[in-house]
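A.B. asks: Attaching a single structure in structure tokens format; questions to follow.
The values are calculated or read from the model by the stated rules, or taken from the named source; none is laboratory data. Values in this document were obtained by computation on a predicted structure and should not be read as measured data. Cβ placement follows ideal geometry from the backbone for every residue including glycine, while neighbour counts extend to all protein chains displayed. In case anyone asks, the SASA skips ligands and DNA or RNA and just uses the protein heavy atoms, side chains included. Shrake-Rupley method; radii C 1.70, N 1.55, O 1.52, S 1.80 Å.
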Amino acid sequence: MTSLMTGLTLATTRVEAQAIRTDETGIVAGEVRIPVGDGPMPAYRAMPQGAGPFPIVLVVEEIFGVHDYIKDICRRLAKAGYTAVAPELFARQGDVSKMTDVQEIVREVVSKTPDAQVMGDLDAAAAWAAAEAKGDSGKLGITGWCRGGRTVWLYAAHSASLKAGVAWYGNFGGNRTGIQPKTAADVIPDIRAPILGLYGAADTGIPVADVEKARDAAKAAGKDVEIVIFPEAPHGFHADYRPSYRKGPAEEGWTRMLAWFRQHGVA
């Protein structure tokens, strides 16, 4: 993939009429290229107008790539005062903009993307934001949805610079492989930054028992972790372009996220 996709993903049912679209008034937004070891990585960047520096939030995609929903999240964060950067973490493994089958994306792209590569790309995105997008490297946060929620947990165990993370319905389990050796649950004892986890009680893919087990493991390890489980909310409750969207939990989760960042120095 040499550039980001236009529009919304083709790989899941869309309800485009309800998708939130944030304008660019007062912000600077658009596609960028971030230098990484094997060439430029496409990404989307949104930041406030003005001199800065602004706190940085890394925005981690679902499995569907950096499509219009992820871009809009960046613009929302820019309106809230952040330099938001969403790197296309699957660019090397495949072009998910042309894929219409979820299992194909998982099989051919997601499962072939090494966690070490993802961690390095996020580090590169944070460094680029500080150098090229008026970002404050001392105020670094991360948030991610679905697969990106899993990545938040892993990055919190990886980065010594991260101040706080917010994981939206990230899976704690999954297969361990040579290139993805640890689950999110595995890294809980090693996380180095406060994490807010936002989950749905009606998520059929992430049992509430798994979420509670992770919460208890974090508490036992002495980690600063807060878990919120929204009653009756399904997986993807923040994804405003999909039928799974639930306005109440989505808006409350967003408010909690911004408060978590402020509480932990990402503001």
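A.B. asks: If you bin the C-alpha pair distances of region 9-130 every 10 Å from 0, what whole percents do you get?
C.D. replies: Bin by bin from 0 Å, the calculated values are 14, 42, 33, 11, 0.
A.B. asks: Roughly what % of DSSP beta bridges within region 27-264 run antiparallel, to the nearest 5?
C.D. replies: Values: 14 of 40 bridges.
Of all bridge pairs located within region 27-264, approximately 35 percent are antiparallel.
A.B. asks: I would also like to ask the following. For region 154-253, give the share of DSSP beta bridges that are antiparallel, in percent and rounded to the nearest 5; count only bridges with both residues there.
C.D. replies: Expressed as a percentage, antiparallel bridges in region 154-253 total about 0.
A.B. asks: Find the centroid of the Cα atoms in region 67-84 and in region 195-267, then give the distance between the two in whole Å.
C.D. replies: Their Cα centres are 19 Å away from one another.
A.B. asks: May I pose another question? Report, in deg cm²/dmol and to the nearest 500, the calculated mean residue ellipticity at 222 nm for the chain, where each DSSP H run with n ≥ 4 adds -39500 (n - 2.57) and the sum is divided by the residue count. All intermediate terms of the calculation are to be shown ahead of the outcome.
C.D. replies: Numbers: 7 runs with 83 residues, N = 267.
So the calculated ellipticity at 222 nm is -9500 deg cm²/dmol.
A.B. asks: Where does each of 158, 238 land when they are ordered by accessible area, with a 1.4 Å probe and the largest first? Don't skip to the answer; put the middle values down first.
C.D. replies: On the way: 158 75, 238 5 Å².
Of 158, 238, the descending order of accessible area is 158, 238.
A.B. asks: Counting each pair of different Cα atoms once, what's the Kirkwood radius of region 27-264 in Å, rounded to one decimal? Walk me through the numbers on the way to the answer.
C.D. replies: Numbers: mean 1/r = 0.0567 Å⁻¹.
For region 27-264, inverting the mean 1/r across all distinct Cα pairs yields 17.6 Å.
A.B. asks: Sticking with the crude label model, points 7 Å out along Cα→Cβ, report the distance from residue 132 to residue 255 in nm, one decimal please.
C.D. replies: 3.7
A.B. asks: Okay, moving on. Too long at a 20 Å Cα-Cα cut-off: which of 71/112; 79/139; 71/98; 182/213; 139/182?
C.D. replies: Working: 71/112 24 Å; 79/139 17 Å; 71/98 18 Å; 182/213 17 Å; 139/182 27 Å.
Pairs exceeding 20 Å: 71/112; 139/182.
A.B. asks: Related question: Give the carbon-plus-sulfur fraction of the accessible surface of region 147-267 in %, rounded to a whole number; probe 1.4 Å, heavy atoms of protein chains only.
C.D. replies: Numbers: 2530 of 5150 Å².
Here carbon and sulfur together make up 49 percent of the probe-accessible area.
A.B. asks: Here's something else I'd like to know. What does the accessible area per residue of region 27-264 come to in Å², with a 1.4 Å probe and no ligands, DNA or RNA counted? Don't jump to the answer; show the numbers that get you there.
C.D. replies: Details: 8980 Å² over 238 residues.
Per-residue value: 38 Å².
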